[in-house]
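The values are calculated or read from the model by the stated rules, or taken from the named source; none is laboratory data. Bear in mind that the values here come from a model prediction, so they are computed numbers and not experimental data. We place every Cβ from the backbone using ideal geometry, glycine too, and count neighbours over all the protein chains shown.
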Amino acid sequence: MDEKHLKLNVYSPTRIFYEGEAEFVEFVTTEGELGVYPNHIPLTAVVAPGILRITNDGKVREASLLDGFATILPNEITVLSEACEWPEEIDIHRAEEAKIRAERKLAMEQTIRDEMALKRALIRMQLASKYHM
């Protein structure tokens, strides 16, 4: 690996989502959006639901990234996520149904769990609609 790339590993409980190189990686943490270039300072972060952007060879690949933890070393990022999906893997109808369920639950009683479910559904719908024209 050269000095312009870092190693990126993204794992979920059900699969190895991504193992490869990246020039730049962006994702959302509980503290806000985080962008990582090679030689970043060591850091551990709590991943919040959002879009994972992987830049490599000038191309950007996006995926939904839902909850987890990230460990960042100068030349390697490891993300342990509850779930991650490429846009083509997202069932937009299922995401819309999850949004409706979460909105109904929130209308009756607001809980953090329901708010997070709504946020996850919206992220999945946003990403899927962007790529499933």
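Reported count of residues in segment 83-115, each being over 26 Å from Phe69 (Cβ atoms) and of a type in the set (Val, Ile, Thr), is 2.
For segment 78-125, the set of residues classified as among the β-branched types (Val, Ile, Thr) and outside any helix (DSSP H, G or I) consists of Thr78, Val79, Ile90, Thr111, listed by residue number. Please work out which residue is nearest to Lys119 (Cα to Cα), limiting yourself to segment 14-72 and to residues that are of a type in the set (Asp, Glu), surrounded by 12 or more Cβ atoms within 10 Å (Cβ to Cβ) and modelled with pLDDT of 95 or more. Among those residues, the one meeting the criterion is Glu33. Filtering Glu88, Glu97, Glu109 for residues that are within 15 Å of Lys130 (Cβ to Cβ) and loosely packed, with under 13 Cβ neighbours inside 10 Å leaves a single hit, Glu88.
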